[in-house]
Amino acid sequence: MPRPATPLLDKVSSPDDLKVLSVAELEQLAAEVRAEMIDAVSATGGHLGAGLGVVELTVALHAVFDTPRDRLIWDVGHQAYPHKILTGRRADIRTLRQGGGLSGFTRRAESAYDPFGAGHSSTSVSAGLGMAVARDLKGGDNQVIAVIGDGAMSAGMAYEAMNNAGAMDSRLVVILNDNDMSIAPPTGAMSAYLARLVSGPTYLTLREAMKQLAFNLPRGLRQKAQRAEEYARGFLTGGTLFEELGFYYVGPIDGHNLAHLLPVLRNVRNAKDGPVLLHVVTKKGKGYPPAEAAADKYHGVNRFDVVTGAQVKPKANAPTYTQVFGETLVDEGRRDDRIVGITAAMPAGTGLDLFAKAFPDRMFDVGIAEQHAVTFAAGMATEGMKPFCAIYSTFLQRAYDQVVHDVALQNLPVRLPIDRAGFVGADGATHAGAFDTAFLACLPNMVVMAPGDEAELRNMVATAVAYDDGPIAFRYPRGEGVGVDLPARGQPLEIGRGRIVAEGGKVAILSFGTRLAEALKAAEELAAFGLPATVADARFAKPLDRDLIRQLAAHHELLIAVEEGSTGGFGSQVAQALIDDGRFDRGFRFRALTLPDAFVDHDKPERMYAAAGLDAHGIVQAALAALGRNRIELAGVVGK
């Protein structure tokens, strides 16, 4: 996109520089920020549409409020790229989501302008209320502003926070960024005028006088007077729901019109009384025609050509695990009409968009409501349906009590396909699937599987369809498979039974999940050092194949368990089995290779796994260290 003449963005080093600009200059600055963001994301990939939709809102917020003293919280963080550009991070904006570069979300360690880290949705109002109450307890007078999208408002947590905030007197500003369903569309100049009127000091003073008058009326009349004021304003401007939650509602207003936004934000800033909700209507993808025309508004994009909008699609060597899951479930769904799909606002991300196209009446997107999704699935299971509740590993954390109480405790046959297991690359620590094996395998009645490759994933979908004895989960990573031939139809596996993939001696590598390919490479390297290795695919973390573990322990000097999950997961289950069998009493050697006990920053997945010691090189190093060998010594032996 062409940049406006006389660039202002070059003169902006912090939000303080915005406060001396005119409305016309702020409009020019917004255009420059939009162009800068498009150019940067075209080189890095990332979340584009949401940020394009809040450029003017971001400029207005930083022009009106005193950040970072005033706390500005962006829900989820997808829309925070313009915020980063204006808060001293423009020079690094082309490192977004790259190793060692800026996070794709807000992050406290990255900037004082990021008062709360994000990545998961619907947390901003709760965090903002906590900050506001802490401010009050300390006697402060700064503002707290939470910006939350209408999609994030589908989560119950947002309403829990608003209900709590409405019952308190703490000063909190919530900005509802309505960029999708448009709860109440703005109506041009009249809407802007009403917003300025009801947020201004004259109206607020009159309202306070009416409150005092009503307070002195008899109780029945007092309540009627209060209701009359609320509903009169609600009739003009909407917002009755938010009024019922205890918020003073202002809006809706056009979120791309700075002449409308700025005076309303100043009025909201200067008001002194309780929580306020400002309803702003924006357009996702605003200002970039390819994004505006796209169905997803370029929510998440690969690198792309700025002129045409054409995205750079990496050449696929194999289908993705997500694709294999989606296609397999469609195939199974044709044979069994009891299969239903459930997702929490991620149909495409989980592959269930394919199921939705094939069986629209059997597909349910419940919005950003993982807790509800799991218990909804449990209810379906009680009636004989076969629910596949597909949720990313990192988001399943939000529904853990429901998995425990509503599914496992009642032993209901809910199927849990868990996408994004292990590292996820550019999305970083907030989206990494690290903990699900640990928190699921400890539950009674739960079956936990992980495929070694995409063919095994197809078998595990079939296994989940056939299994009616209780809950069953299977985890798989983001990205491509290894390129194995796929069976025409998946075959149900024997529950709790692994397999030997390669025979050897001395060292046994027991893989759980898609580190299997790296385990096989490690075995080849160990064989070259004169240390033949057996490689086994565990398939199940629960129930464990204890016979397989005994066999490996009995015929090898060393057993290495490998997984793309945290400590406390598969390796811990294997260690417990070895303890129960008394193996360590006889000096047996065992090592568990897991993800690090740390939140790992974004990078390319292969680099992340290498740094974690979970590639072939890392497995070999762990084997040699456990056996007291080293590469130099072994290289000399091999050379002779």
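Using DSSP to call loops (not H, G, I, E or B), can you name the trypsin sites (Lys or Arg not before Pro) in region 254-284 whose Cβ has at most 13 other Cβ atoms within 10 angstrom? Mind showing how you got there, number by number?
Numbers: sites: Arg266, Arg269, Lys272, Lys283, Lys284; in loops: Lys272, Lys283, Lys284.
Sites meeting the loop and neighbour criteria: Lys272.
Could you list Phe388, Phe247 in order of exposure, starting from the residue whose Cβ has the fewest other Cβ atoms within 10 Å?
Numbers: Phe388 26, Phe247 23.
Going from sparsest to densest Cβ surroundings: Phe247, Phe388.
Please list, by residue number, every one of the trypsin sites (Lys or Arg not before Pro) in region 31-132 that is coil in DSSP and has at most 16 other beta-carbon atoms within 10 Å. Numbers along the way, then the final one.
Numbers: sites: Arg34, Arg69, Arg71, Lys84, Arg89, Arg90, Arg94, Arg97, Arg107, Arg108; in loops: Arg69, Arg97, Arg107, Arg108.
Here the trypsin sites (Lys or Arg not before Pro) that fit, given the DSSP loop and packing criteria, are Arg69, Arg108.
Taking Cα atoms, how many degrees apart are the long axis of helix 55-64 and the longest axis of the chain, rounded to 10 and kept between 0 and 90? Roughly 60 degrees between the two axes.
Under the rule a/c < 1.5 gives rounded, and otherwise a/b versus b/c splits prolate from oblate, where does the chain land using the Cα gyration tensor? Judged from the Cα gyration tensor, the chain comes out prolate (a/c at least 1.5, a/b above b/c).
Could you line up Arg591, Arg398, Arg420, Arg489 from fewest to most neighbouring Cβ atoms inside 10 Å?
Listed from fewest to most nearby Cβ atoms, that is Arg489, Arg591, Arg398, Arg420.
To the nearest 20 Debye, how big is the dipole of region 447-604 about its Cα centre, given +1 on the beta carbon of each Lys and Arg and -1 on that of each Asp and Glu?
Details: 18 positive and 24 negative charges, 48 e Å.
Magnitude of the dipole: close to 240 debye.
The helix-based estimate of mean residue ellipticity at 222 nm for the chain, built from -39,500 (n - 2.57) per DSSP H run of four or more residues and divided by its residue count, is -12000 deg cm²/dmol to the nearest 500. What's the angle, to the nearest 10 degrees (0 to 90), between helix 370-382's Cα axis and the longest principal axis of the chain? That works out to roughly 60 degrees.
So what is the relative contact order for the chain, in percent, with contacts set as C-alpha pairs under 8 Å and at least six apart? The partial results should precede the final answer.
Numbers: 1316 pairs, mean separation 68.6, N = 640.
After rounding, I find 11 percent.
Mind pulling the angle between the C-alpha long axis of helix 156-166 and the longest principal axis of the chain? Nearest 10 degrees, somewhere in 0 to 90. That works out to roughly 30 degrees.
If you restrict to DSSP beta bridges whose two residues both lie in region 499-639, what percentage is antiparallel, to the nearest 5? Kindly include the intermediate steps, with their values, before the conclusion.
Numbers: 3 of 20 bridges.
Rounded to the nearest five, the antiparallel share is 15 percent.
Mind scanning Lys315/Lys357; Lys313/Lys604; Lys283/Lys313; Lys11/Lys84; Lys313/Lys521 and naming the pairs with a C-alpha gap bigger than 20 Å? Intermediate values should be presented prior to the final figure.
Numbers: Lys315/Lys357 25 Å; Lys313/Lys604 16 Å; Lys283/Lys313 26 Å; Lys11/Lys84 15 Å; Lys313/Lys521 28 Å.
In this structure, Lys315/Lys357; Lys283/Lys313; Lys313/Lys521 lie more than 20 Å apart at Cα.
Amide H contacts for Tyr248 (H built 1.01 Å from N in the peptide plane; partners 5 or more residues away or on another chain; cut-off under 5 Å): Val276, Leu277.
Counting only DSSP beta bridges with both residues in the chain, what percent are antiparallel, rounded to the nearest 5? Once the DSSP bridges in the chain are tallied, antiparallel ones form about 15 percent.
Taking other C-beta atoms within 10 angstrom as a stand-in for reagent exposure, Ile509, Ile495 fall in the order Ile495, Ile509, fewest first.
Throughout, read-outs are computed from the coordinates displayed, never taken from laboratory work. Being a predicted model, the structure only gives us computed values, none of them experimental. Using ideal geometry, Cβ is built from the backbone for each residue, glycine included, and neighbour counts are taken over all protein chains shown.
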